[in-house]
Amino acid sequence: MNDTVAAISTPPGEGGIGVIRISGAGSRAVLERLFRPGKGGGRARDAAVCFRDRHMRYGRIVDPKSGSVIDEVLAVFMAAPRSYTGEDVAEIHCHGSAAALRRALALTLREGARLAEAGEFTKRAFLNGRLDLAQAEAVIDLIQAKADTTFDAAIRQLDGSLSRAVKNLRDRVTELLVRVAADLDYPEEDVGALSPRDLCESLSSIGDEIEKLSATAHAGRIVREGLRVVIAGKPNVGKSSLLNALLRESRAIVTDVPGTTRDLIEEGVHLRGLPVRLTDTAGIRETADPVESLGVAGSLNAIARSDLVLLVLDASAPLDAADAHVLRQIANRRFVVILNKCDLPARVDADAARAFAAASAAAAGGTEGPLAVVGASMRDGTGLPALEDVIESFVFPGRTLPAADAFVTNVRHADLLARASAELREGLATAERGETADLTEINLRRAWELLGEITGETAGADIVEEIFARFCLGK
Amino acid sequence: MRQYEMEQYDVVVVGAGHAGCEAGLAAARMGAETLVLSIQLDAVALMACNPAIGGTGKGQLVKEIDALGGEMGLVIDKTFIQSRMLNRTKGPAVHSPRAQADKRRYHEEMKAALERQQGLCLKQGEVVDLIVEDGCVCGLLLRTGAVYRARAVVLATGTFLGGRVFMGESTYESGPCGFAPAAALAEALRARGLALRRFKTGTPARALARSLHFERMEEQKGDAEIVPFSFMNASVGENKVSCRLTWTNAKTHAIIRENLTRSSLYGGLIKGVGPRYCPSIEDKVNRFPDRERHPLFIEPEGLSTDEVYIQGMSTSMPEDVQRDFYRSIRGLEDAVFTRAGYSIEYDCIDPLSLYANLEHKEIAGLFCAGQFNGSSGYEEAAAQGLMAGINAALRVRGEAPFILDRSEAYIGVLIDDLVTKGVEEPYRMMTARAEYRLTLRQDNADLRLTEKGYALGLASRERYEIYLRAKKETEEEIGRLRAATLSPADAESLLAGLGLAPLASGSSLAELLKRPQIGYDALAVLDPGRPGLDARTRARVEIQIKYEGYIKKQREQIERFKSLEDKRLPEDFDYLALDGIRSEAKQRLSKVRPRSVGQAARVSGVSPADLNVLLIHLKKREGRP
């Protein structure tokens, strides 16, 4: 009963802060795996920390696998029974960006928590004697009301392509499971047992499909909220021209005077059908002008919240310290280099730009160089299609867009898909070790149940029913 | 008609089929004065359908019945004529013993076991009504006017209750194999307000072996090494017969299709619900038109008869059509038939009207078992009979019910499915129904259950001692294999011989045994000091070591499962009055009256949210002063 559960426990929408609550015996371990104290400078992989009961700490949530920083947070651990639920509880107070909050939640699920059901914290609180009897009715209402809205939301989410994609995957698991199960219960009949090789191939192919769908969890959010793209560069390299070219209209003022764009300009645009929120930043340079320095601070903030940075460099002038300064600011982001002004006599080629960008970013602790270097000219539009290609493949890696544009946009679904795919991987490993099919069947059945939780088909359904519907069996 | 009082008993069992026999024996062995009434003593432990015991899921049930101190395993070990372990090439979780029985001998041995049993009286007599006072059963009325008083009654009426046979256009009231049906009792139970429903089952024709061309069929031999059903037996007899496999063909299917409207089933005569997993041949041909052929198995009915059973070909066709389609099959061209196939419809109850101890919710002291509860199969019946007999005896003693849960036994899965989910067609056990298959193996039924059977007073002292010895031997051998280490050089020849890479460092024998390619017996060359163990112990030592990781993982799942099973729900919970639970769920819960939160979760139509609300109400109630 008392497994560890986690959920975002502040209302949806952009607030000042957002709180992730983790409750259960494993909550402390989950928190300690994700939390790193202090600002951390450029290095994300610091020593872990032991939380003391009821002491709040400042630090970062870091993905322990990739080392990337998700958010700056305050976090606290409250030992049982002195907590809201009466169990061990950890809380992570994030900065309020919905994306960061979701990413942090996804990490807690990966590190051993399960997504809390509707009203589960309150239910646990009541069952552990933390609420009085008078509150019981309210808890009951809460559970049913939340179950209803969750259900509605799930249905709304599911009408359409995701539902079809998951259903299709589940049908394939069902088919496999039924063949394995029928052969186990009817060894003397002509079920057409799967060879170990066919079983492995099917497991691996279904697993791959689920993983492809899982990978859209990232794309799914982008589809819903838009890709946050920031245009950055030192003054007067053509940032505003790039914005205009992407917008195909003159929204930003383009002049030859450095520092013209002092306000942030944000525009929504669809690139290849993908919603993109484009932000043109003030040129980033060290400046004494107080107005301009405000603009620079705003730019840095926008960069920190971006999904992708378009770094504009001038191909007609040597790369200099000002370019390196900008690169230092974006070192920890994913970025593309736009080598602008290709129509002028070139002083910098693509290889040099790539090497310079990689070196500058690395010097500032960046782990990855530019995603791509695109030669371009804003004057005649050269390079724009190539840039759109790069953005598209950033969102949909490998251009393996699932059929009918199914996207996973919901943490619960992403969690279930990840668990289903883990089961299939384990089943595959079992089968590849040469174990018998009845052991693989355990994983198959679990994956089947997990996928059913997405489509709402687990309840009442029965694999035994399926066996008799599909095979002519019996004596 | 004048009624007269006969003897008084603690427990009276109605019916002496596979359920009734186990019920009577269990109650008597637990010290209850027991009467077993059968409409016809020549039908005791009758195998009205196929001449076999065991199979997938079912074999496990027989081993569990045996481990608790039941009779089925002992009788089949005495009377089998061929034995096989099904699924031997698959994992141990699905190894399933199955044996062909000599039908007549099986009947005789089981009847003799009842006759021998202290405290048990086996009598012929037709029960026509229950005697119920204050909602509590207290006796039975027979057709003769005889009244037997009882403190508990077990109903195990099988296909006799309201039995009606169908063969093509002909239909008549009858029990199985031409025995008389129990028609009056069915009427009386209806009059008492029991909601009875009609289920059906069917059986194929029997033919004379000498009229069949066995050389045109595929022979199926028994296993060279036979695993006994009973844990009491270290070894048993040998195979005496072979079965044969042949196939239907396009001509068979054409004959069936042409005559479909003459079958009782497709002609519309049969109203009862038949099991999909035991389809008649007309069902198979009709529902799966793409199948070019269906397998059938020729199984001898015994050593003292030439009759054989045509398994896989049950039918409700008229006799002339039966003759024609059977004879269209390779090997059956000149078949001479001794008995025609038929369908039989019978009365049964909705098992949702039973508690998990198989006691009726409305009539206290009335226990129900077997086909009467909507199951099918000898083994399913025997398992319920055993549990009904145990619980009837416990009621007489004034003790708490004995219930096995889904993690303890297939018997637990069977009864929990029946009383929690109900049935829409006759229920057959399958390994796919068990969540904890790797734990509920046929080889370890004694380790799971004999302790419990002994504590009940059901398993004998002798059985208990055999179990203790086996348990000790198993544990010691596992410990020894874990402690015995080998150097890479020691293991090299064995591993190279199997085409495996050499060891990188030292390893215990247990670690080596975990490799899929290496069995316990193969390790003998590296293990000269091993004790001489019997086949059963060797097998389970191997299984417990090889699958240790999986078994451990399953044990954790079982612990989570148990935490919900252990959370008891009060019997007098008024589900209809609980707010916050959807009305469909309220009705279902109110009907099932689950004994635990775990069981409530398995009731169909109960959502996780409903269950959470139920927990809150439970807590509220506990908090009440």
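Any read-out appearing in this document is the output of simple, stated calculations on the displayed coordinates, not a laboratory observation. Only a predicted model underlies this, so the values are computations on that prediction, with no experimental measurement involved. Positions of Cβ are generated from backbone atoms using ideal geometry, with glycine treated the same way; all protein chains shown enter the neighbour counts.
Output the relative contact order of chain B, whole-number percent, from Cα pairs under 8 angstrom with separation of 6+ residues.
17 percent
For chain B, state the average projected area of the convex hull of the C-alpha atoms over all orientations, rounded to one decimal in nm².
Computed as one quarter of the Cα hull surface, the answer is 32.2 nm².
Show me A:192-200, B:66-74, A:82-90 ranked by packing, highest mean number of other Cβ atoms within 10 Å first.
Answer by packing, highest mean first, reads B:66-74, A:82-90, A:192-200.
With only alpha-carbon atoms in the gyration tensor, what are the semi-axes of the equivalent ellipsoid for the range B:206-343, in Å, largest first?
30, 18, 14
Please work out the C-alpha center-to-center distance from the range B:473-497 to the range A:354-372 and express it in whole Å.
Cα centroid of the range B:473-497 versus Cα centroid of the range A:354-372: 55 Å apart.
Per residue of B:294-301, count partner chain C-beta atoms within 10 Å of its C-beta, then hand back the mean as an integer.
Other-chain Cβ atoms within 10 Å of each residue's Cβ, averaged: 1.
Step through the residues of the range B:151-165 one at a time and calculate ³J(HN,Hα) from phi using the Karplus curve (6.51 cos²θ - 1.76 cosθ + 1.60, θ = phi - 60°), rounding each to whole Hz and writing x for Gly and Pro.
Values per residue, Gly and Pro as x: 8, 8, 10, 10, 9, 9, 8, x, 8, 6, 5, x, x, 9, 9 Hz.
Relative contact order, percent, of the range B:206-343 when contacts are C-alpha pairs under 8 Å separated by at least 6 residues?
Answer for the range B:206-343 is 39 percent.
Output ³J(HN,Hα) for the range A:444-453: one whole-Hz value per residue in order, computed from phi by the Karplus curve 6.51 cos²θ - 1.76 cosθ + 1.60 with θ = phi - 60°, and x for Gly and Pro.
After applying 6.51 cos²θ - 1.76 cosθ + 1.60, I find 4, 5, 5, 4, 4, 5, 5, 5, x, 5 Hz.
Binning at 20 angstrom from zero up to the longest distance, how are the C-alpha pair distances of the protein assembly as shown distributed in percent?
11, 33, 31, 17, 8, 1, 0
Give me, ordered by chain and number, the residues 5 or more places off B:Ser375 or on other chains with an amide H under 5 Å from its own placed amide H.
HN-HN under 5 Å from B:Ser375: B:Tyr427.
With r defined as the distance between the Cβ atoms of B:Leu498 and A:Glu432 and R0 fixed at 30 Å, what FRET efficiency is calculated, to the nearest 0.05?
0.95
If you average the sequence gap of Cα pairs under 8 Å that are 6 or more apart and divide by the length of the range B:472-625, what percent do you get for the contact order?
The value is 16 percent.
Per residue of A:434-440, what is the mean number of Cβ atoms on other protein chains within 10 angstrom of that residue's Cβ?
Mean number of neighbouring Cβ atoms from other chains: 6.
Among B:532-542, B:362-372, how do they line up by average Cβ neighbours within 10 Å per residue, starting with the highest?
The most tightly packed comes first, giving B:362-372, B:532-542.
Evaluate E = 1/(1 + (r/R0)^6) for A:Arg57 and A:Asp190, where r is the Cβ-Cβ distance and R0 equals 56 Å; express this FRET efficiency to the nearest 0.05.
The value I calculate is 0.30.
Cα centroids of the range B:47-70 and the range B:222-278: how far apart, whole angstrom?
Here the two parts' Cα centres lie 16 Å apart.
Quick check: the distance between the Cα centres of the range A:62-83 and the range B:341-400, to the nearest angstrom?
55 Å
Among B:263-275, B:569-581, A:316-328, what's the highest-first ranking by average C-beta atoms within 10 angstrom per residue?
B:263-275, A:316-328, B:569-581
Take peptide B:83-92, look around each residue's Cβ out to 10 angstrom, count Cβ atoms belonging to other protein chains, and average those counts.
If you average over the peptide's residues, the count of other-chain Cβ atoms is 4.
Test of understanding: what is the full-extension gain from B:Ala535 to B:Asp223, defined as 0.36 nm times their sequence separation minus their Cα-Cα distance?
110.9 nm
Among DSSP bridges having both ends in the protein assembly as shown, what percentage is antiparallel? Round to the nearest 5.
Restricted to the protein assembly as shown, the bridges split so that about 65 percent are antiparallel.
Suppose only helical runs count, i.e. DSSP H with n ≥ 4. What mean residue ellipticity at 222 nm does that imply for the protein assembly as shown under -39500 (n - 2.57) per run, divided by all residues and rounded to the nearest 500 deg cm²/dmol?
After summing the helix terms and dividing by residue count, I get -12500 deg cm²/dmol.
Can you flag which of B:Lys472/B:Lys562; B:Lys284/B:Lys546; B:Lys221/B:Lys271; A:Lys123/B:Lys452; A:Lys39/A:Lys341; B:Lys111/B:Lys240 are past 31 Å Cα-Cα?
B:Lys284/B:Lys546; B:Lys221/B:Lys271; A:Lys123/B:Lys452; A:Lys39/A:Lys341
Which FRET efficiency, nearest 0.05, do B:Arg330 and B:Ala524 yield, Cβ-Cβ r, R0 60 Å?
Plugging the Cβ-Cβ distance into 1/(1 + (r/R0)^6) gives 0.85.
Which value, in debye to the nearest 20, gives the size of the charge dipole of the protein assembly as shown about its Cα centre, when Lys and Arg are +1 and Asp and Glu are -1 at the Cβ?
1180 debye
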